[in-house]
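Okay, structure first, notes after.
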Amino acid sequence: MPYNWNRSFRKDVPLKPGEVCDWPRHFRMGVLRDVMTYLEAQAKRHPIERFTWVRVSTILVGCSKHRKQPYSHAAVEAALTFLTELGIIARVSQMEIEGRICGGYLVALHDHACKPIEGRCSFWCGGLSGLRFNKPGVRVTAAKFHGPTCDCADCVYGRERRAKK
């Protein structure tokens, strides 16, 4: 069954003065929000790498704890695919972290992918760049996150900064 996440993902979130935004606010209730909330919580354990070594089955258990009817495996996989297409997460087959090599997901920082503009938090770009993280045989040791100070040609922020110069 194909999933259409366009109604669940909100590119613009209204903000009150002094209010701080985070990833879950960009998603309406449901599997997409729960998966993103779970991945964000796991990524906060490693604030520099933003890497979480979880499988789909682990995400499924973590997201379904407080639900009467658990999410399906296909729904969680579809949510992960959508988040990957947006560039919010990236699947990594081999990541060297804490002396171990494991697979999992890189999670982009909210503040590097979204920008507050006139009382709104707007999603600009996914935040992850560089090589394809899931290539066979590629071991990732670090990831680059785009942000408002980025000067590269690959992202919206870099193009915007160069246009202003």
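The values are calculated or read from the model by the stated rules, or taken from the named source; none is laboratory data. Owing to the predicted nature of the structure, the values given are computational and were not obtained by experimental measurement. Here the Cβ is made from the backbone with ideal geometry for all residues, glycine too, and neighbour counts use every protein chain on show.
Annotations for the structure displayed:
- Taken over the range 105-130, the criterion of being at positive phi and in contact (Cβ under 8 Å) with a residue 12 or more places away in the chain is satisfied by Gly119, Gly127, Gly130.
- Here the range 4-59 is the region considered, the condition is being crowded, with 19+ Cβ neighbours inside 10 Å and among the basic types (Lys, Arg), and the residue that is nearest to His112 (Cα to Cα) is Arg50.
- The combined condition, being in contact (Cβ under 8 Å) with a residue 60 or more places away in the chain, on the phi > 0 side of the Ramachandran plot and not small (Gly, Ala, Ser), is not fulfilled by Arg25.
- Residue in the range 23-77 that is farthest from Ser8 (Cα to Cα), counting only those that are assigned to a helix (DSSP H, G or I) and acidic (Asp, Glu): Glu40
- Selected residue (criterion: nearest to Leu39 (Cα to Cα)) from residues of the range 78-101 that are assigned to a helix (DSSP H, G or I) and of a type in the set (Gly, Ala, Ser): Ala79
- Scanning the range 104-145 for residues that are of a type in the set (Ser, Thr, Tyr) and at pLDDT below 85, we see that the one that is nearest to Arg55 (Cα to Cα) is Thr141.
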